[in-house]
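Here is the structure we will look at, set down as structure tokens.
The values are calculated or read from the model by the stated rules, or taken from the named source; none is laboratory data. Quick caveat, the model's predicted, so the values are computed rather than measured. As a convention, Cβ positions derive from the backbone with ideal geometry for all residues, glycine included, and neighbour counts pool all protein chains shown. Side chains included, ligands, DNA and RNA excluded: accessible areas come from the protein's heavy atoms. Shrake-Rupley method; radii C 1.70, N 1.55, O 1.52, S 1.80 Å.
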Amino acid sequence: MGAKSCIIIFFFMVLATSSPSTGRKKQYKSCKELLLYFHDVIYNGKNKENATSAIVAAPEGANLTILAGNFHFGNIAVFDDPITLDNNFHSKPVGRAQGMYIYDTKNTYTSWLGFTFVLNSTDYQGTINFIGADPIMIKTRDISVVGGTGDFFMHRGVATLMTDAFEGDVYFRLRVDIKFYECW
Amino acid sequence: MGAKSCIIIFFFMVLATSSPSTGRKKQYKSCKELLLYFHDVIYNGKNKENATSAIVAAPEGANLTILAGNFHFGNIAVFDDPITLDNNFHSKPVGRAQGMYIYDTKNTYTSWLGFTFVLNSTDYQGTINFIGADPIMIKTRDISVVGGTGDFFMHRGVATLMTDAFEGDVYFRLRVDIKFYECW
Amino acid sequence: MGAKSCIIIFFFMVLATSSPSTGRKKQYKSCKELLLYFHDVIYNGKNKENATSAIVAAPEGANLTILAGNFHFGNIAVFDDPITLDNNFHSKPVGRAQGMYIYDTKNTYTSWLGFTFVLNSTDYQGTINFIGADPIMIKTRDISVVGGTGDFFMHRGVATLMTDAFEGDVYFRLRVDIKFYECW
């Protein structure tokens, strides 16, 4: 092994180990991917048995069984939604999506999300933690995967959300395309 | 130094610097550990002086001095709890746990946590930021340490929670075993 | 290239690539910096048109148009605030700060923040996600940048907050000095 090849390998390694500060998203390859769906049925005063979420905070003048006017600005909903592998509400859940969403804009539908996927299946045991803005009217929205535990120990990544279906203000289904870029 | 030893060192370094994507949690060694306790006294209408937390949101039909039925589903509590080095509520606090918990399940006690440890002692100055799901009835629960400042600048890790004690719906004490896997 | 220089380069590379676990914050150089301002006008019952935030949760006995007593302990506000490049409320926004703040202390003004910068300008397209404690009465406060998307894909860092101005309980302006230490 001569000096030249030594230098070439050094060069390669410096590239491989340096902080990737110049590139754009497109250049990165994920180390793990998951495609999951979750289903939210919001309580509207009449569906206590089936509801998986509830409005728990609202702005002045609004109530807790009807999403507020002004694009629901000021509503906070708490949820415990089933996660499925496909888009069928009746498929066997592989876990629960638990946390909250906040409608935070007065002139369009936008929410802020803080939640956890608690996965409990033969394939995955562990949790994935998310936060981010969800501008609902845009087709695909990216939020951050900020950490995980169990099978997702210390993972980080980006999750792309798509509204897969919705029925009025009572039901919506989100498709969540999770790409991890830091695996452990 | 011959070519062989050079190659061996290269091999070792590639291992050491590559993203650890194949392993499981058990293989990792933390770079810093902290064992702390925090104490939550929830406001129930009669303990204004001593309470360290308060219910601030509730589902339809519930109120702000009694945790809601259905496993408190829909309650949000805001807290500013003393952190101690041991399990004694009366020990000198080394900081405050500040943030919120959300009861988010209808058929068991589960909360979603977003909070910060603000440490201010001779040993540690800085903050540690946490989010995650807390299935309270399970003995040990893991949440994510998603960042930090000061002495915990840019740290990441996993915190294991244990309910160390509780008294009805008014007091609970959490043992928090923090393991950092990214230190700076 | 002799064995000696080879060893020296090895030594340098091990230093450069090993986890920086011994140093203090001061030694690190950011890979990207942003200085931005955001402006919060809280709804007080009379400013519906101009308000960018609203109280949506409050402790027992408080209401949703006046921040609660006891240093606003227990209030949750939801916001959608304009972000500007300078400290002028009327400058053209480069994005929106969206999320919530929680007043979480009974004996001083402290809030807990969970929010996202949604940037949409010629310079930046993407989101930056923040959480952390904000002890408002202290001049500079550090919170965590826990993730990002788009131009801030997978970024992490620390943001230093300063209250740049405030007018009673209705308006405040925050200066946010974002330093990223992990860029991609």
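Suppose we filter the stretch C:94-110 for residues that are over 12 Å from the mean Cα position of the chain (by Cα) and not basic (K, R); how many remain?
Residues flagged as over 12 Å from the mean Cα position of the chain (by Cα) and not basic (K, R) within the stretch C:94-110 amount to 10.
What about A:K32, is it open to solvent by 20 Å² or more (accessible area, probe 1.4 Å), touching a Phe, Trp or Tyr at 6+ places or on another chain (Cβ under 6 Å), within 29 Å of C:K32 (Cα to Cα) and modelled with pLDDT of 95 or more?
When the stated conditions are applied, A:K32 passes them.
Which of the following residues is at pLDDT 95 or above and within 14 Å of chain B (Cβ to nearest Cβ): C:I83, C:I102, C:I9?
Details: C:I83 fails: within 14 Å of chain B (Cβ to nearest Cβ); C:I9 fails: at pLDDT 95 or above.
Result: C:I102 is the single residue among C:I83, C:I102, C:I9 that is at pLDDT 95 or above and within 14 Å of chain B (Cβ to nearest Cβ).
Give the stretch A:42-59 a look and list any residue that's in a loop (DSSP other than H, G, I, E, B), away from chain C (no Cβ under 14 Å) and open to solvent by less than 30 Å² (accessible area, probe 1.4 Å), or say none.
Across the stretch A:42-59, the qualifying residues are A:N47, A:A51, A:T52.
Please tell me if B:G74 is more than 12 Å from chain C (Cβ to nearest Cβ) and closer than 30 Å to A:K46 by Cβ. If you could, list the steps in order and put the result at the bottom.
Values: more than 12 Å from chain C (Cβ to nearest Cβ): no; closer than 30 Å to A:K46 by Cβ: yes.
No.
From the residues in the stretch B:148-157 that are assigned to a strand (DSSP E or B) and free of Cβ contacts under 8 Å to residues at least 60 places away in the same chain, which one is nearest to the other protein chains (Cβ to nearest Cβ)?
Residues of the stretch B:148-157 assigned to a strand (DSSP E or B): B:148-150, B:156-157.
Remaining after also requiring free of Cβ contacts under 8 Å to residues at least 60 places away in the same chain: B:148-150, B:156.
Details: B:G148: 7, B:T149: 4, B:G150: 7, B:R156: 7 Å.
Top of the filtered list is B:T149.
Please pick out the residue among C:N107, C:N63 that is assigned to a loop (DSSP other than H, G, I, E, B) and either within 14 Å of chain A (Cβ to nearest Cβ) or farther than 30 Å from B:T65 by Cβ (or both).
Working: C:N107 fails: either within 14 Å of chain A (Cβ to nearest Cβ) or farther than 30 Å from B:T65 by Cβ (or both).
Every option except C:N63 fails the conditions.
For the stretch C:130-153, name all the residues that are aliphatic (A, V, I, L, M) and open to solvent by less than 10 Å² (accessible area, probe 1.4 Å). Spell out the reasoning first.
Filtering the stretch C:130-153 for residues aliphatic (A, V, I, L, M) gives C:131, C:133, C:136-138, C:143, C:145-146.
Within the stretch C:130-153, C:I131, C:A133, C:I143, C:V145, C:V146 meet the criteria.
Is there a residue being crowded, with 24+ Cβ neighbours inside 10 Å and more than 26 Å from A:V56 (Cα to Cα) anywhere in the stretch C:110-129?
Checking the stretch C:110-129: at least one residue is crowded, with 24+ Cβ neighbours inside 10 Å and more than 26 Å from A:V56 (Cα to Cα).
Residue check: is C:E49 modelled with pLDDT of 90 or more and in contact with a Phe, Trp or Tyr (Cβ under 8 Å, 6 or more places away or on another chain)? Working first, answer last.
Working: modelled with pLDDT of 90 or more: yes; in contact with a Phe, Trp or Tyr (Cβ under 8 Å, 6 or more places away or on another chain): no.
Spelling it out, it is not the case that C:E49 is modelled with pLDDT of 90 or more and in contact with a Phe, Trp or Tyr (Cβ under 8 Å, 6 or more places away or on another chain).
Starting from the stretch C:173-184, keep only residues that are charged (D, E, K, R), then list their pairs with residues that are part of a strand (DSSP E or B) and surrounded by fewer than 20 Cβ atoms within 10 Å (Cβ to Cβ) whose Cβ atoms are within a distance under 6 Å, requiring at least 6 positions of separation or different chains.
C:R173/C:D164; C:R173/C:A165; C:R175/C:M162; C:R175/C:D164; C:D177/C:L35; C:D177/C:T160; C:K179/C:E33
Among the residues of the stretch B:154-176 satisfying the criterion of being charged (D, E, K, R) and within 29 Å of B:N44 (Cβ to Cβ), which is surrounded by the most Cβ atoms within 10 Å (Cβ to Cβ)? Working first, answer last.
Taking the stretch B:154-176 and keeping what is charged (D, E, K, R), we get B:156, B:164, B:167, B:169, B:173, B:175.
So of that shortlist, the ones also within 29 Å of B:N44 (Cβ to Cβ) come out as B:164, B:167, B:169, B:173, B:175.
On the way: B:D164: 14, B:E167: 9, B:D169: 11, B:R173: 20, B:R175: 17.
Among those that are charged (D, E, K, R) and within 29 Å of B:N44 (Cβ to Cβ), it is B:R173.
Please specify each residue of the stretch A:60-100 satisfying the condition of being over 15 Å from A:L36 (Cβ atoms), buried (at least 24 other Cβ atoms within 10 Å of the Cβ) and in contact with a Leu (Cβ under 8 Å, 6 or more places away or on another chain).
A:N75, A:M100
Filter the stretch A:109-131 for residues that are within 22 Å of C:F130 (Cα to Cα) and either modelled with pLDDT under 95 or hydroxyl-bearing (S, T, Y) (or both) and give the result.
A:Y109, A:T110, A:S111, A:T116, A:T127
For the stretch A:110-142, name all the residues that are hydrophobic (A, V, I, L, M, F, W, C) and in a strand (DSSP E or B).
Of all residues in the stretch A:110-142, those hydrophobic (A, V, I, L, M, F, W, C) come to A:112-113, A:115, A:117-119, A:128, A:130-131, A:133, A:136-138.
Residues satisfying the conditions are A:W112, A:L113, A:F115, A:F117, A:V118, A:L119, A:I128, A:F130, A:I131, A:A133.
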